[in-house]
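These notes concern the structure reproduced below.
The values are calculated or read from the model by the stated rules, or taken from the named source; none is laboratory data. Being a predicted model, the structure only gives us computed values, none of them experimental. Cβ placement follows ideal geometry from the backbone for every residue including glycine, while neighbour counts extend to all protein chains displayed. What goes into the accessible areas is simple: the full protein's heavy atoms, side chains included, and nothing from ligands, DNA or RNA. Shrake-Rupley method; radii C 1.70, N 1.55, O 1.52, S 1.80 Å.
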Amino acid sequence: MKTITITKPDDLHLHVRNGAVLKTVLPHTARQFARAIIMPNLKPPVTTVAQALTYREEILQAIPAELDFAPLMTLYLTGSTTEAEIKKAAASEHIHAFKLYPAGATTNSDSGVADIKAIYPLLAAMERLDIPLLIHGEVTDDACDIFDRERAFIDTYLTDITDNFPGLRIVLEHVTTAEAVQFVQASSTNVAATITPQHLLFNRNALLAGGIRPHYYCLPIIKRESHRLALVEAATSGNPKFFLGTDSAPHLTSLKETACGCAGCYSAHAALELYAEAFERADALDKLEGFASFYGADFYRLPRNSGTVTLEKTAWKVPPTYGKGNLSITPLKANEELGWKLQ
Ligand code: DOR
Ligand code: ZN
């Protein structure tokens, strides 16, 4: 049987929520990954070190006893974040970054940053204290077409941020366009990007052609085929600026399959399998280990993991939903067959 074995990977962008959803989804990630960068967009958002440490404890409680997994916490940046909190975060072994959501850009981003220029003193502090900034790179301007919002963010804000803070380590999260790929490639080694499985595997036809499929709806929205091809090229290039971040974002099925469905694709149930499919299609399975297991750790200055995971070429069918009782989460590729399976 065909198998691939790689060093245990990390998920450098993950939503696990809290409460009952956390208990349902976390085992999926803990089976596959050694560590994950945990997004702070809870309700209310995780804005302080104290809140992040409490949230970390809740996550630790949800890890199945037989699995070894480390949550790497982040803080949600707001207009009221203080330099003292940034100092505290930089000094904590458990806090690894700040996340910048432009206010209104996506799920639970209402408390995000409304005036990006106004937080430049905070970015200066992060640069000085050497704590990374993770960016949801989309403008929120109603007049800007939803398919152009990432490109507009780069032109309006990101270029200025990287010009002003050359020493700040930045991850442009879940890149979705050829322009974002080019921007990251052309920037210094302090600028990197995560790429999700859905943006590598699907273009916007999967979301919109022949019927509207809410489980393919996430933000930034899936783009046209030429952009998907640019992302595949970047992910499989061996360039260490591009690494794995699933952006797995669970929402209850009832909140996805409705007149105004939430943004987010749930992919943690089969994250590595989905990436393996994308890399295999590009004839680049030999590049999966760097993307999944090395480049993210290196960027965050974490030791590379020891141990391995093995994927085998075995077909299996993704179940229609995960979660007990009235807690139903519909995964990416529900009821469909996947070609790779984690051993
Ligand atoms: O689709 C998304 N879902 N994009 C985000 O940026 C947030 C995420 C979520 O938290 O559901
Ligand atoms: Zn996200």
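Let me spell out the model: positive unit charges on the Cβ of Lys and Arg, negative unit charges on the Cβ of Asp and Glu, origin at the Cα centre of the chain. What dipole size does that give, in debye rounded to 20?
It works out to roughly 740 debye.
How about Lys2: which aspartates and glutamates have a C-alpha closer than 19 Å to its C-alpha, ignoring those fewer than 8 places off in the same chain?
Glu273, Glu277, Glu280, Asp283, Asp286, Glu289, Glu312, Glu337
I'm a student and want to see the number: the projected area of the Cα convex hull of region 9-306, averaged over all directions, in nm².
Spelled out: convex hull of the Cα atoms, projected over all directions, averaged, 14.4 nm².
With an 8 Å Cα cut-off and a minimum separation of 6 or more residues, compute the relative contact order for region 9-306 in percent.
Once normalised by length, the contact order is 18 percent.
Rounded to the nearest 10 Å², what accessible area does Arg301 have for a 1.4 Å probe in the complete protein model?
140
Run the helix sum for the chain: -39,500 (n - 2.57) per DSSP H stretch of 4+ residues, divided by residue count, reported at 222 nm to the nearest 500 deg cm²/dmol.
-8500 deg cm²/dmol
Calculate the length of the line joining the C-alpha centroid of region 159-232 to that of region 1-76, in whole Å.
With region 159-232 and region 1-76 each reduced to a Cα centre, they are spaced 22 Å.
Among the lysines, select those whose C-alpha is under 28 Å from the C-alpha of Lys87, and discard any that sit fewer than 8 residues away in the same chain.
Lys87 reaches Lys43, Lys99, Lys117, Lys241.
Between Leu208, Leu285, Leu311, which gets the highest mean-square fluctuation from a Gaussian network model of the chain, Cα cutoff 10 Å?
Of Leu208, Leu285, Leu311, the most mobile in the Gaussian network model is Leu208.
Can you give the accessible area of Tyr157 in Å² (nearest 10), computed on protein heavy atoms with a 1.4 Å probe?
70
With every protein chain in place, what's the accessible area of His251 (1.4 Å probe, Å², nearest 10)?
About 20 Å², ignoring ligands and nucleic acids.
Give me the 1.4 Å probe accessible area per residue for the chain, excluding ligands and nucleic acids, in Å².
That works out to 39 Å² for each residue.
Order Leu26, Leu255 by their accessible area, 1.4 angstrom probe, all chains in place, largest first.
Leu255, Leu26
Roughly what would the spin-label model give for Leu229 and Asp145, points 7 Å off Cα along C-beta, in nm?
In this crude spin-label approximation the distance works out to 1.9 nm.
Around Thr5, what is the net charge, scoring Lys/Arg as +1 and Asp/Glu as -1 over all other residues with Cβ under 11 Å from its Cβ?
Result for the local shell: -1.
Could you list the GluC sites (Glu not before Pro) in region 263-343 that lie in coil according to DSSP, counting only those with at most 12 other Cβ atoms within 10 Å of their Cβ?
Glu336
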